[in-house]
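Just so you know, all these numbers are worked out from the coordinates, no wet-lab data involved. Note that this is a predicted model, so its numbers are computed, not measured. Cβ placement follows ideal geometry from the backbone for every residue including glycine, while neighbour counts extend to all protein chains displayed.
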Amino acid sequence: MNFFDPTSRYKEMALLEHIEKYEQTTQKEMSNKIEASLSMVNTYLDKLESNNLIVREYKSTKVVHYHITPEGIKRKNYLQITYIKELMNLYIKGQDSVSHFLQTIKDKGFKKILLYGAGEVAEIILDIINSQNINIEVIGLIDDNTSKQGHTIKGIQIYDNSYINELNHDGLVITSYAFEEEIISKLKKLNYKKNKIIKYFDI
């Protein structure tokens, strides 16, 4: 996972899922799956077995097969539902944050905007504008990556920055965190009005 450190419950769920799919898995594979040491994997397996969630079948001194029990399946299903619920709650909070941002810039008079940075943030903004019928129109996307230019996201055209002053818009939202300062520098060279620049990550 790129953002969260997996908790013990997440690792338990991941192990149960893995064992259900791959009964002949190895501890090395399980170690890679949950990003834990072999000794930690052993600790998890001992706990799962003591709770009657898995059983170990010893084929030889070196070969072990793992089987999830009916109780293990119930536990896995419970953990999956809990995990999905927490992700949904987090997603809803994120949606609320983006909606608040859009309402804020709309109240400031920005109703036709450009998004500079054709990435995940831009895609989320477009999704929320469409799903919540927010009265803001995205005129176009700007990106410096030539492989993106000429394509579309959610039906919105991606342009290079030479088109900025040709597109009829009220303001420009910088949706790139990593390249924010670089984008501002490029906008200055284009003599773009500072009062039309909106930094998504500053609001």
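Brief remarks on what is shown
- For Kirkwood radius over Cα pairs in Å, computed directly from the structure shown, the correct entry in (1) 18.3; (2) 20.6; (3) 19.6 is (2).
- Based on C-alpha pairs under 8 angstrom that are at least 6 apart in sequence, the chain has a relative contact order of 15 percent.
- Here the sum of -39500 (n - 2.57) over DSSP H runs of 4 or more residues, divided by the residues of the chain, equals -15500 deg cm²/dmol at 222 nm, to the nearest 500.
- The charge dipole of the stretch 1-159, taken about the Cα centre with unit charges on the Cβ atoms of Lys, Arg (+1) and Asp, Glu (-1), comes to about 160 debye, rounded to the nearest 20.
- For the chain, the share of DSSP beta bridges that are antiparallel, to the nearest 5, is 35%.
- Within-14-Å neighbourhood charge of Glu166 [Cβ basis; K, R +1; D, E -1]: 0
- Remark: the stretch 8-87 carries a charge dipole of roughly 20 debye about the Cα centre, counting +1 on each Lys and Arg Cβ and -1 on each Asp and Glu Cβ.
- Only Lys, Arg (+1) and Asp, Glu (-1) charged, at Cβ; the stretch 108-202 dipole about Cα centre in debye: 440
- Taking the number of Cβ atoms within 10 Å of each Cβ as an exposure proxy, the fewest-first ranking of Met88, Met40 is Met88, Met40.
- Percentage relative contact order, the stretch 11-110, counting C-alpha pairs under 8 Å, at least six apart: 24
- Both radii are taken from the alpha-carbon atoms of the stretch 108-202; with Rh as the Kirkwood radius, Rg/Rh is 0.92.
- Of Phe110, Thr146, Ala178, farthest towards positive along the dipole that unit charges on Lys, Arg, Asp, Glu beta carbons give the chain: Phe110
- Annotation: lysines with alpha-carbon distance below 30 angstrom to Lys188 (same-chain offsets under eight excluded): Lys106, Lys108, Lys111, Lys112, Lys148, Lys154, Lys196, Lys199.
- Each Cα pair under 8 Å and six or more residues apart adds its sequence gap; the mean of these over the residue count of the stretch 108-202 is a relative contact order of 32 percent.
- The alpha carbon radius of gyration of the stretch 1-86, expressed as a multiple of 2.2 N^0.38 Å, is 1.05.
- For Ile198, nonlocal amide neighbours, meaning residues 5 or more places apart or on other chains whose placed amide H falls under 5 Å from its own, are Leu172, Val173, Ile174.
- Amide H to amide H distances under 5 Å link Val64 with Lys59, where only residues 5 or more positions off or on other chains count and H is placed in the peptide plane.
- ³J(HN,Hα), Karplus 6.51/-1.76/1.60, whole Hz, each residue of the stretch 157-173, x for Gly, Pro: 5, 9, 10, 7, 5, 5, 8, 3, 6, 8, 8, 6, 8, 8, x, 10, 9
- Given R0 = 35 Å, the distance between the Cβ atoms of Glu86 and Glu182 translates into a calculated FRET efficiency of 0.50.
- Environment charge of Ile113, counting only residues whose C-beta is closer than 10 Å and scoring Lys/Arg +1, Asp/Glu -1: +2
- Per the Debye calculation on the stretch 42-117 with a single equal scatterer at every Cα and no solvent contribution, log₁₀ I(q)/I(0) for q = 0.24 Å⁻¹ amounts to -1.06.
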